[in-house]
Amino acid sequence: MTSDHEKQPLSPIELGLKARCPRCGKGPLFQQVLNMRDRCTSCGLDYKFIDTGDGPAVFAIFILGFVVLGGALWVQLTYDTPLLLTVLLSGIVTLILALGLLRFLKAVLIALQYRNKAEEGRLAKGE
Ligand SMILES: [Zn+2]
């Protein structure tokens, strides 16, 4: 089953969690945390086609805004912590979650872009 990737497409969610190449699912997408590599170290897929733009950031803002603000309000109202502590903790939690979430979302969007062959619109074919 896993030997034929053409017939059995890899799940974008799984690729997102592992941050792997959208074609072979083996080579890593990123150097360090969020820097893109030039090509896949496993199958040689050129990563130049990738253009997720602001997509991952927009999703991350919506998700994190909801989760962190909701969490901060809940902590504040439930445990009556000092306001400054809640604000500081929210900031730290946001930073950590944002990096993990951006990495995941970017890899998912790359996998979806690769699978659906999405690219910028053109007026004429073959230009
Ligand atoms: Zn690859």
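The values are calculated or read from the model by the stated rules, or taken from the named source; none is laboratory data. Note that this is a predicted model, so its numbers are computed, not measured. Using ideal geometry, Cβ is built from the backbone for each residue, glycine included, and neighbour counts are taken over all protein chains shown. Each accessible area value is taken on the protein alone, full model and side chains, heavy atoms only, with ligands, DNA and RNA left out. Shrake-Rupley method; radii C 1.70, N 1.55, O 1.52, S 1.80 Å.
Accessible area per residue was computed with a 1.4 Å probe on protein heavy atoms; Asp46 scores about 50 Å².
The accessible surface of region 12-116, taken with every protein chain in place and a 1.4 Å probe, is 69 percent carbon and sulfur.
Sort out for me the Cα centre separation of region 48-127 from region 19-38, rounded to whole Å. Centre-to-centre (Cα) distance: 18 Å.
In the chain, the DSSP-assigned H stretches of four residues or longer account for a calculated mean residue ellipticity at 222 nm of -18000 deg cm²/dmol, using -39500 (n - 2.57) per stretch and the full residue count as denominator.
Once the chain from Leu123 to Leu99 is taken as fully extended at 0.36 nm per residue, the excess over their C-alpha distance is 5.0 nm. With the Kirkwood sum run over all distinct C-alpha pairs, the chain has a hydrodynamic radius of 16.7 Å. The lysine pair tally for the chain, using Cα distances under 22 Å and a gap of 8 or more places or different chains, is 15.
The accessible-area ordering, largest first, of the residues Arg103, Arg39 stands as Arg39, Arg103, per a 1.4 angstrom probe. Spacing of the modelled spin labels on Val67 and Met36, each 7 Å from Cα toward Cβ, amounts to 2.4 nm.
Between Tyr79 and Lys26, the contour length at 0.36 nm per residue exceeds the alpha carbon distance by 14.6 nm.
Measuring with a 1.4 Å probe in the full set of protein chains, what accessible area per residue, in whole Å², belongs to region 27-74?
65 Å²
The distance between label points at Val58 and Asn116 comes to 1.2 nm (points 7 Å beyond Cα on the Cα→Cβ vector).
The listed residues Cys43, Cys21 rank as Cys43, Cys21 when sorted by accessible area, largest first, using a 1.4 Å probe.
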